[in-house]
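Novice: First the structure, then my questions, so here it is.
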Amino acid sequence: RYALVRMAEMVKRHPLIGDVRGLGLLLGIELVKDRVTKERATDEAEAVMYCALSEGLSFKLTMGNILTLTPPLTITQNEMDRALAIIGACLTKIERES
C-alpha cells in the first residue's frame with residue numbers, strides 16, 4: 001500500500017503517468033502521451049527505463065509502456081523511496097525533453 005500511495009502522488013506531478021496499479025509487490029506505472037486518449041508512450045517508457053538503469057534501478061517494460069516493478073519481499077521503505085525517486089527524476093527529465 002505504501003508504494004501505491006507514493007505512486008498515486010507521482011500521478012499529480014507527472015503528466016506522462018496515465019495510471020498506477022499494483023497487487024502486493026507487483027507494481028505498474030502506465031505511461032501515456034495523453035490521459036484522455038490513453039495513447040501509449042512507448043518511446044518515453046523506454047527512455048525512462050534506460051535513464052533509471054543508468055542510476056542503478058532495473059525494471060522491465062510490459063506492453064511497451066508499463067513500468068513493471070517487482071521488488072523483493074525484503075525491500076525496505078527507504079529502498080522503495082529511492083527507487084521511486086529515481087523513476088520520478090527520470091520522468092521529469094524525459095518530460096522536459098519531450
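Novice: Among the residues of the range 14-45, write down those that are more than 23 Å from THR74 (Cα to Cα), among the hydrophobic types (A, V, I, L, M, F, W, C) and surrounded by 12 or more Cβ atoms within 10 Å (Cβ to Cβ).
Specialist: Selection gives LEU16, ILE17, LEU31, VAL32, ALA41, ALA45.
Novice: When LEU73 is evaluated against the numbered criteria (1) touching a helix residue (DSSP H, G or I) at 6+ places or on another chain (Cβ under 8 Å); (2) closer than 24 Å to TYR2 by Cβ, which criterion, by number, is the only one it fails?
Specialist: Of (1) touching a helix residue (DSSP H, G or I) at 6+ places or on another chain (Cβ under 8 Å); (2) closer than 24 Å to TYR2 by Cβ, only one is false for LEU73: (1).
Conditions (1) at pLDDT below 95; (2) out of contact with any Cys (no Cβ under 9 Å at 6 or more places or on another chain), marked per residue:
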site: ARG1; (1), (2): yes, yes
site: LYS12; (1), (2): no, yes
site: LEU16; (1), (2): no, yes
site: GLY22; (1), (2): no, yes
site: ASP81; (1), (2): no, yes
site: CYS90; (1), (2): no, no
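Novice: Exactly one condition in (1) under 12 Å from the mean Cα position of the chain (by Cα); (2) more than 18 Å from GLY28 (Cβ to Cβ); (3) open to solvent by 50 Å² or more (accessible area, probe 1.4 Å); (4) not aromatic (Phe, Trp, Tyr) is false for SER58; which is it?
Specialist: (2)
Novice: Does LEU67 count as within 11 Å of the chain's Cα centre (by Cα) and either within 25 Å of GLU97 (Cβ to Cβ) or in contact (Cβ under 8 Å) with a residue 40 or more places away in the chain (or both)?
Specialist: So LEU67 fits the description; yes.
Yes/no matrix, rows are residues, columns are (1) in a loop (DSSP other than H, G, I, E, B); (2) open to solvent by 90 Å² or more (accessible area, probe 1.4 Å):
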| site | (1), (2) |
| --- | --- |
| ARG6 | no, no |
| LYS12 | no, yes |
| ALA47 | no, no |
| LEU73 | yes, yes |
| MET80 | no, no |
| ALA85 | no, no |
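The values are calculated or read from the model by the stated rules, or taken from the named source; none is laboratory data. Please read all numbers here as calculations on a predicted model, not as lab measurements. Every residue, glycine as well, gets a Cβ built from its backbone with ideal geometry; the counts of neighbours run over all protein chains shown. In case anyone asks, the SASA skips ligands and DNA or RNA and just uses the protein heavy atoms, side chains included. Shrake-Rupley method; radii C 1.70, N 1.55, O 1.52, S 1.80 Å.
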